[in-house]
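Before any comments, here is the structure.
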Amino acid sequence: MEFRKQQQIKTCVVACIINDADQVLLTRRCIEPFCSQWVMPGGKIDHGEAILVALHREVREEVGLEVHVEQLIDVYEHLAIGSGQDHYVILYYRCSPASFDLTPNGSECTEAIWADRDQLPGMPLPPGCRHILAQVFPELPWGVTAPPEDAAGELPDQLQLQGA
């Protein structure tokens with residue numbers, strides 16, 4: 001009998017942390033996918049872990065912050081990412097900081113900054129991050145924030161979900 005490993009969808013959470021000055025917390029990733037790009041903190045939800053527990057855990061692990069979760073912004077899907085052709089479903093939550101001492105962990109991110117909102121469109125951001133920030137700050141000059149629906153890369157889910 002032959003057994004094949006079943007491909008799985010990786011479900012992740014990401015915190016779009018915005019402070020009172022409308023700055024967004026970004027981290028420079030030092031692992032794939034999106035190594036060297038600026039991203040918002042987040043990661044995979046562990047089996048049996050509640051979504052918001054995972055969100056708080058990931059933010060603490062990556063940058064040492066505590067956050068207040070405000071609402072679900074959107075869901076974004078990445079298809080065929082990296083050499084493993086991984087499939088990610090990412091839940092992006094708007095958050096506010098409950099603490100402010102940034103401590104990047106060095107194993108997933110090397111830097112953490114509070115980026116001014118006006119800087120965001122010019123920064124090297126992955127498509128999902130750009131798509132979400134364009135929803136949060138629609139008045140900024142984002143240009144194209146999502147690929148055409150027939151592209152083989154990332155496809156945004158335009159659900160516009162509310163509440164968390």
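The values are calculated or read from the model by the stated rules, or taken from the named source; none is laboratory data. For clarity, every value in this text was computed on a predicted model and none was experimentally measured. In this analysis, Cβ positions are derived from the backbone assuming ideal geometry, glycine residues included, and neighbour counts consider all displayed protein chains.
Quick rundown of the values:
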item	result
Subset of the range 55-89 (residues that are modelled with pLDDT under 95, touching a helix residue (DSSP H, G or I) at 6+ places or on another chain (Cβ under 6 Å) and hydrophobic (A, V, I, L, M, F, W, C))	none
Wholly within the range 19-95, strands (runs of 3 or more DSSP E) carrying at least 3 residues that are surrounded by 20 or more Cβ atoms within 10 Å (Cβ to Cβ)	23-29, 67-81
In the range 128-159, residue modelled with the lowest pLDDT [restricted to those that are surrounded by 15 or more Cβ atoms within 10 Å (Cβ to Cβ) and farther than 24 Å from ASP22 by Cβ]	LEU155
Residues within the range 18-36 that are β-branched (Val, Ile, Thr) and touching a Ser or Thr at 6+ places or on another chain (Cβ under 7 Å), tallied	1
Count - residues of the range 96-129 that are of a type outside the set (A, V, I, L, M), part of a strand (DSSP E or B) and either touching a Pro at 6+ places or on another chain (Cβ under 6 Å) or over 21 Å from HIS56 (Cβ atoms) (or both)	3
Where ALA50 falls short, out of the listed (1) touching a Lys or Arg at 6+ places or on another chain (Cβ under 8 Å); (2) free of Cβ contacts under 8 Å to residues at least 24 places away in the same chain; (3) not β-branched (Val, Ile, Thr)	(1)
Close pairs (8 angstrom Cβ cut-off, 6 or more residues apart or separate chains): loosely packed, with under 14 Cβ neighbours inside 10 Å in the range 103-121, assigned to a helix (DSSP H, G or I) anywhere	THR103/VAL63
